[in-house]
Ligand code: ADE
Ligand code: ZN
């Protein structure tokens, strides 16, 4: 059996008839069996054996599949860009701005998120945002990143689609050479704006279709079900885009069903609330639908009270294809490897499971078979003592 793509605790064997498009022929090309975690964790000479996620000097190679580039806007960069664009923010310093980063639900976060990103105006701003993220991601072991962006939020402020995409692309086009990270762009639609506005955004992105692998659906979830966006996603699919959608973060399991059945998504972003519906869990498991779970985000936005209560172990036990991601790391107090570290510390995720989660991240990514095989091999050869 290859690195099992789903079952970390239950060790479910992947089927070679895997129907999921993001998985492709992976089962066949997966490296050899994942042995006991001891293979990866060498005993410390003095008997102390830190868990893998504690080894910050050599983080696990991983893919990040749920990352909003606007959510990587650190207060320091926001203030610098605001100054540059003569749009001063009403905060004396980064600490004062950071003090606003306390949230009680998704909407309370989105209010600050949209307000702060309003400083982004020029190609240089978007380029700085992308390079800032890639620098941090590299230090956290990211080898491949699928990056969301929210064009409607910028277009509403008079920033053209070309400025956003050209600015990001000026960095992402050479991300592999400069940062050692392959990247893809995913254009998200704001579900709390009209489907007409989303369709206009899609049309204005068509000249850049070669730079965008997929479309997604984000922003305030409750009251904005996927069923409102069927025509939009049908059009996006006809134009050659893959599809993903946030669902089941705050919204009910019915939104996950709709994302699968009506929007025909390849992955569900978040998806935590699937656990309330056993038939939905069975469907996600049977079809190997990846879930891009974001533990720190869920804690910071109040979906779970504290990390120790996060449903990730339950999702793993249910045989779901779970990946771990950072969502909006500048706002939630940690990047992807910080999430890996916290789930080890607070949820009892062991080293073998952590390696499985990293393997899942490559399996669920929009990579070619050759790229996927290369990354899985790198993961198989990973040694926490150093690369
Ligand atoms: N946009 C940025 N972060 C988001 C999240 N966690 N949920 C929905 N929309 C978002
Ligand atoms: Zn998100």
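The values are calculated or read from the model by the stated rules, or taken from the named source; none is laboratory data. Quick caveat: nothing in here was measured; it's all calculated off a predicted structure. Don't worry about glycine lacking a Cβ; one is built from the backbone with ideal geometry, like all the others, and counts go over all protein chains shown.
Residues that are within 22 Å of the chain's Cα centre (by Cα), more than 16 Å from ligand 1 (Cβ to nearest atom) and surrounded by fewer than 21 Cβ atoms within 10 Å (Cβ to Cβ) were ranked within the stretch 182-201; the one that is farthest from residue 110 (Cα to Cα) is 182. Every condition in (1) closer than 22 Å to residue 147 by Cα; (2) surrounded by fewer than 24 Cβ atoms within 10 Å (Cβ to Cβ); (3) in contact with a helix residue (DSSP H, G or I) (Cβ under 7 Å, 6 or more places away or on another chain) holds for residue 295 except the one numbered (2). Please verify whether the stretch 247-264 includes one or more residues that are out of contact with any helix residue (DSSP H, G or I) (no Cβ under 8 Å at 6 or more places or on another chain), closer than 26 Å to residue 208 by Cα and within 16 Å of ligand 1 (Cβ to nearest atom). No, the stretch 247-264 contains no residue that is out of contact with any helix residue (DSSP H, G or I) (no Cβ under 8 Å at 6 or more places or on another chain), closer than 26 Å to residue 208 by Cα and within 16 Å of ligand 1 (Cβ to nearest atom).
Of the residues making up the stretch 74-98, those that are farther than 27 Å from residue 345 by Cβ and within 16 Å of ligand 1 (Cβ to nearest atom) number 1.
Filtered by the rule that a residue be over 15 Å from residue 70 (Cα atoms) and in contact with a helix residue (DSSP H, G or I) (Cβ under 7 Å, 6 or more places away or on another chain), the stretch 175-190 gives 175, 179, 180, 181, 182, 183. Is it the case that residue 156 is within 16 Å of ligand 1 (Cβ to nearest atom) and either farther than 23 Å from residue 64 by Cα or modelled with pLDDT under 95 (or both)? When the stated conditions are applied, residue 156 passes them. Taking the stretch 260-274 as the range and being within 17 Å of the chain's Cα centre (by Cα), more than 13 Å from ligand 2 (Cβ to nearest atom) and crowded, with 24+ Cβ neighbours inside 10 Å as the test, only 265 passes. Considering the stretch 348-379, the residues that are over 19 Å from the mean Cα position of the chain (by Cα) and surrounded by fewer than 19 Cβ atoms within 10 Å (Cβ to Cβ) include one that is nearest to residue 214 (Cα to Cα), namely 369.
Each row is one residue, and each column tells you yes or no for (1) within 15 Å of ligand 1 (Cβ to nearest atom); (2) more than 20 Å from residue 137 (Cβ to Cβ); (3) crowded, with 23+ Cβ neighbours inside 10 Å.
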residue: 286; (1), (2), (3): no, yes, no
residue: 290; (1), (2), (3): no, no, yes
residue: 307; (1), (2), (3): no, yes, no
residue: 318; (1), (2), (3): no, yes, no
residue: 321; (1), (2), (3): no, yes, yes
residue: 329; (1), (2), (3): yes, no, yes
residue: 332; (1), (2), (3): yes, no, yes
residue: 336; (1), (2), (3): yes, no, yes
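Highlighted here are the helices (runs of 4 or more DSSP H) found entirely within the stretch 235-348 that include at least 2 residues which are under 24 Å from residue 98 (Cβ atoms) and free of Cβ contacts under 8 Å to residues at least 40 places away in the same chain: 295-300. Any chance the stretch 153-168 includes a residue that's buried (at least 23 other Cβ atoms within 10 Å of the Cβ), over 16 Å from the mean Cα position of the chain (by Cα), over 20 Å from residue 79 (Cα atoms) and touching a residue at least 40 places away in the same chain (Cβ under 8 Å)? The answer is yes, given that some residue of the stretch 153-168 is buried (at least 23 other Cβ atoms within 10 Å of the Cβ), over 16 Å from the mean Cα position of the chain (by Cα), over 20 Å from residue 79 (Cα atoms) and touching a residue at least 40 places away in the same chain (Cβ under 8 Å). Filtered by the rule that a residue be assigned to a helix (DSSP H, G or I), within 29 Å of residue 360 (Cβ to Cβ) and touching a strand residue (DSSP E or B) at 6+ places or on another chain (Cβ under 6 Å), the stretch 152-196 gives 172, 175, 176. Scanning the stretch 91-130 for residues that are in a loop (DSSP other than H, G, I, E, B) and touching a helix residue (DSSP H, G or I) at 6+ places or on another chain (Cβ under 7 Å), we see that the one that is surrounded by the most Cβ atoms within 10 Å (Cβ to Cβ) is 120. The single condition from (1) under 14 Å from the mean Cα position of the chain (by Cα); (2) at pLDDT below 95 that residue 335 fails is (2). For the stretch 131-151, a tally of residues being assigned to a helix (DSSP H, G or I) and within 16 Å of ligand 1 (Cβ to nearest atom) returns 2.
Please tell me if residue 99 is more than 30 Å from residue 378 (Cβ to Cβ) and touching a strand residue (DSSP E or B) at 6+ places or on another chain (Cβ under 8 Å).
Criteria not met by residue 99.
Could you tell me which of the residues 7, 22, 28 is modelled with pLDDT under 50, part of a helix (DSSP H, G or I) and over 20 Å from residue 328 (Cα atoms)? Even if it seems obvious, please write down each step before you answer.
Numbers: 7 fails: part of a helix (DSSP H, G or I); 22 fails: part of a helix (DSSP H, G or I).
On inspection, the qualifying residue turns out to be 28.
If only residues of the stretch 67-90 that are under 30 Å from residue 245 (Cβ atoms) and assigned to a helix (DSSP H, G or I) are counted, the one that is nearest to ligand 2 (Cβ to nearest atom) is 71. Taking the criterion of being in contact with a strand residue (DSSP E or B) (Cβ under 9 Å, 6 or more places away or on another chain) and outside any strand (DSSP E or B), the residues of the stretch 207-224 that qualify are 208, 211, 219, 220, 221, 224.
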